[in-house]
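Student: One structure follows; several queries about it will come next.
The values are calculated or read from the model by the stated rules, or taken from the named source; none is laboratory data. Quick caveat, the model's predicted, so the values are computed rather than measured. All Cβ positions, glycine included, derive from the backbone under ideal geometry; neighbour counts span all protein chains shown.
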Amino acid sequence: MRLKLSLVVALFAVLFFGCKDDYVIPKPKAMLRLEYNSPIEKQLDLSKFSFSYNELSKPIVKNQKSIVLDYPSMNGSIFITYKDVDGNLNNLIRDAEKLSMEHMKKADKIEPRTFINEKDRVYGTYFQIIGDAASQSQFYLTDSINHFVTGSVYFYSKPNYDSILPASTYLSSDMRSVMETLRWKE
């Protein structure tokens, strides 16, 4: 009799506590929506050149020739480096293009775009890198005589193009703004 009562209580408990409408429904596939504030620009003046940057970034001036625009909220940075041309323009351009093309191993596509600002003597190329490469965009700028600047976007995480696309697009836009506002100092 005790065994029958125990079985009835156990069966009742299983039916009462086990029959809930709390089952798991698979969630539909969706994209993560990340939104960033519109950039507010500040000016950064260095000894050889100046440019505008997004105040969301934290500029780290290592010396007058090496600058990092750090974006802690996006876990990424824009690295900017200055070099004197010293009659070595062809080698500097070749090295900058080679660095961009090294990402072709992991990238799906690299789209170079020529940049020309005749008024301020700023010329160069912007490289949009599409795919799971370490850098999503790079550039070089020069006046063809004295100054040469390179820049690149890097994230502090394993490259996954789909996941970092919103942040990559935002930082690439900031990088183009750096290019458009860059001015040489004599």
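Student: Name the residues in region 62-75 that are more than 21 Å from N146 (Cα to Cα) and either touching a strand residue (DSSP E or B) at 6+ places or on another chain (Cβ under 6 Å) or in contact (Cβ under 8 Å) with a residue 24 or more places away in the chain (or both), would you?
Tutor: V68, L69, D70, Y71, M74, N75
Student: Quick one: which strands (runs of 3 or more DSSP E) sit completely within region 50-90 and have at least 2 residues that are surrounded by 12 or more Cβ atoms within 10 Å (Cβ to Cβ) and among the polar types (S, T, N, Q)?
Tutor: 76-84
Student: Here is a further query. Of a type outside the set (A, V, I, L, M, F, W, C) and farther than 18 Å from I67 by Cβ: does that describe D174?
Tutor: Here the answer is no, as D174 does not meet what is asked.
Student: Something else about it: Which residues, taken from region 145-166, are surrounded by fewer than 18 Cβ atoms within 10 Å (Cβ to Cβ) and within 25 Å of N90 (Cβ to Cβ)?
Tutor: Result: I145, N146.
Student: If you check T169, T142, T181, which single one turns out to be polar (S, T, N, Q), surrounded by fewer than 20 Cβ atoms within 10 Å (Cβ to Cβ) and under 19 Å from I67 (Cβ atoms)?
Tutor: The unique qualifying residue is T181.
Student: Select from region 93-130 the residues that are in contact with a Lys or Arg (Cβ under 6 Å, 6 or more places away or on another chain) and surrounded by fewer than 18 Cβ atoms within 10 Å (Cβ to Cβ) and write down the one among them that is nearest to R183 (Cα to Cα).
Tutor: D120
Student: Any idea how many residues of region 94-134 are modelled with pLDDT under 85, of a type outside the set (G, A, S) and assigned to a loop (DSSP other than H, G, I, E, B)?
Tutor: 2
Student: If you go through region 135-164 one residue at a time, how many are part of a strand (DSSP E or B) and either charged (D, E, K, R) or in contact with a helix residue (DSSP H, G or I) (Cβ under 7 Å, 6 or more places away or on another chain) (or both)?
Tutor: Here the count works out to 13.
Student: Please determine whether any residue of region 38-55 is modelled with pLDDT under 90 and not β-branched (V, I, T).
Tutor: yes
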